[in-house]
Each structure stands twice: as structure tokens, then as C-alpha cells.
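**Student:** Sharing a structure, written as C-alpha cells. Questions coming.
The values are calculated or read from the model by the stated rules, or taken from the named source; none is laboratory data. These numbers were taken from a predicted model, which means no experiment stands behind them. Don't worry about glycine lacking a Cβ; one is built from the backbone with ideal geometry, like all the others, and counts go over all protein chains shown.
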């Protein structure tokens, strides 16, 4: 079985532009509702940058970083939270104490309670919160630890990228692609009959679930490169051409 390690996940997520990842809102929602007896209605919530994307003299000083590092830091997962759409508009570029009053109005959102108790919001605070969020995700979705040899080879990590979606997977030694839990599918109204039937079958089997109109894999799924590409993208696809290795070369040319 091919799975990235906890170390891989933490390393990749710490500095990633989480704001640009389509999966980030889903991850934050999962964390917010994890182990909550009363699930929070997420329909009126949006992602808020705690330290704003647009730098000001106040926020650059508050963060304690250079302008270049500031831009990268603002989009990391530790600097993102969920607020109501109204509060998102009100927060804007205001200073941290003012934003805390907004968080005070959204303490029904559990992840904002700790933010309200913070005295500062520096680069170290953001990085520490990133680590906490990533640790929570690993607790919620534990990967198999590498206590045994699962045949994992780094050079067989693959990805599938088209406008609107990017998916990571693993090409197994028997030339099938394993798609990870949480992977999103490209949503389109123009699906052919076979793709619709295949997706409906996987929904019935619990492999796919609908999250607010977005289909995602609820568990790992392994099939041929073409079958996985067709399920994810819709329509007839030659997966050997669509799946790429880490250098962006099709697996047909690099791993076949």
C-alpha cells in the first residue's frame, strides 16, 4: 500500500499556499466539526486571513518578517480560519486587537476561541498554529506508519493536474494508481453516461461522498491509470498520458 508519511505531509503543508488549495475549506470544516456533537452549519462561512494578504506597516512589524516572507506566510494554513461572510468583510486589514473582537463574535466557531485568547500574531504564532492544524489532520486521518515495507517508492509518486483540480496519487508496482482519501473530483455538467454510472456506483459503495456539492474520495481507491483519471476528470481519458511524475513527464514516458 502506498501512502505518504506524516513527515511528508507536514513538510508539504507547512509552507504550501493553502489558500489556493481547493481542499483547504473542506479540511477546516472537518477540523471544526470533528468530535462536535452539534455540527456547525458551514453554508455561511468563508475563509479569512488572520494576518491580511495586503501588507501594512503595522502587520509587517507585527509578523516580524520581510515583505517577501510576509506574502508567503499569509497564505499558509496556520493563518487561515473560518468566519461568517459578514465578519470576513468587516475584518479586512484591521489590526489584530480589532480582529479579535470579530473573533469574539464567532466563538461558536471552536477554532476561533484560541485565536481570541492570543496576545500577538507573529510569524512564530502562525507557524505554531500550522503545526497544530496539521497534527490534528494526521490524528483525524492517520496514515499507515512505515513499520513494514509497503513497497513505497518515492519516484512512483504521481499527480494529475488540469485547470480547476490537482490530484496526487501513487503508481503501484502492478501499474495501478492509488488515489488518496480526500481527493476531489472535477465537477462538470457534461459527463458522459459511463462516467456518471461509475461515479454513482462508487457513491453507492461509499467510496465517494458528496460534500456540499463537491464529490471527494471517502477512502483510498486503486484502479488502472485510465480508470482513475476518468473518474476524477470525467469522460474517456488515457491515464498513462494524464498522470505525470514529479518532473511533469507522463507516466507513459517515465514509469511504464
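**Student:** When only residues in region 181-203 that are closer than 13 Å to residue 234 by Cβ and part of a loop (DSSP other than H, G, I, E, B) count, which is nearest to the chain's Cα centre (by Cα)?
**Tutor:** Only one residue tops the list, namely 185.
**Student:** Condition first: in contact with a helix residue (DSSP H, G or I) (Cβ under 7 Å, 6 or more places away or on another chain) and part of a loop (DSSP other than H, G, I, E, B). Now tell me which residues in region 207-242 satisfy that.
**Tutor:** Correct list: 224, 234, 235, 236, 237, 238.
**Student:** Moving on to the next point. If we scan region 195-204, do we find a residue that is buried (at least 16 other Cβ atoms within 10 Å of the Cβ), closer than 21 Å to residue 23 by Cβ and not assigned by TED's automatic domain parsing to the domain that holds residue 26?
**Tutor:** Scanning region 195-204, I find at least one residue that is buried (at least 16 other Cβ atoms within 10 Å of the Cβ), closer than 21 Å to residue 23 by Cβ and not assigned by TED's automatic domain parsing to the domain that holds residue 26, so the answer is yes.
**Student:** Also, I was wondering about something else. Please work out if residue 219 is in contact (Cβ under 8 Å) with a residue 12 or more places away in the chain, under 17 Å from the mean Cα position of the chain (by Cα) and under 29 Å from residue 28 (Cβ atoms).
**Tutor:** yes
**Student:** Take the residues of region 32-63 that are in a helix (DSSP H, G or I), in contact with a helix residue (DSSP H, G or I) (Cβ under 7 Å, 6 or more places away or on another chain) and at pLDDT 85 or above: which is nearest to residue 216 (Cα to Cα)?
**Tutor:** Restricting to residues being in a helix (DSSP H, G or I), in contact with a helix residue (DSSP H, G or I) (Cβ under 7 Å, 6 or more places away or on another chain) and at pLDDT 85 or above, the top hit is 63.
**Student:** When only residues in region 120-143 that are loosely packed, with under 13 Cβ neighbours inside 10 Å and not in a helix (DSSP H, G or I) count, which is modelled with the lowest pLDDT?
**Tutor:** Per the criteria, the residue is 142.
**Student:** If you don't mind, there's one more thing I want to ask. Quickly run through region 64-80 and pick out the residues that are free of Cβ contacts under 8 Å to residues at least 40 places away in the same chain and assigned to a loop (DSSP other than H, G, I, E, B).
**Tutor:** Of everything in region 64-80, just one residue is free of Cβ contacts under 8 Å to residues at least 40 places away in the same chain and assigned to a loop (DSSP other than H, G, I, E, B), namely 66.
**Student:** When you go through (1) touching a helix residue (DSSP H, G or I) at 6+ places or on another chain (Cβ under 8 Å); (2) modelled with pLDDT of 85 or more one by one for residue 204, which number turns out not to apply?
**Tutor:** So residue 204 meets the others, but not (1).
**Student:** Take the residues in region 152-180 that are part of a loop (DSSP other than H, G, I, E, B) and modelled with pLDDT of 85 or more, then tell me which one is surrounded by the fewest Cβ atoms within 10 Å (Cβ to Cβ).
**Tutor:** Ranking the candidates gives 175 first.
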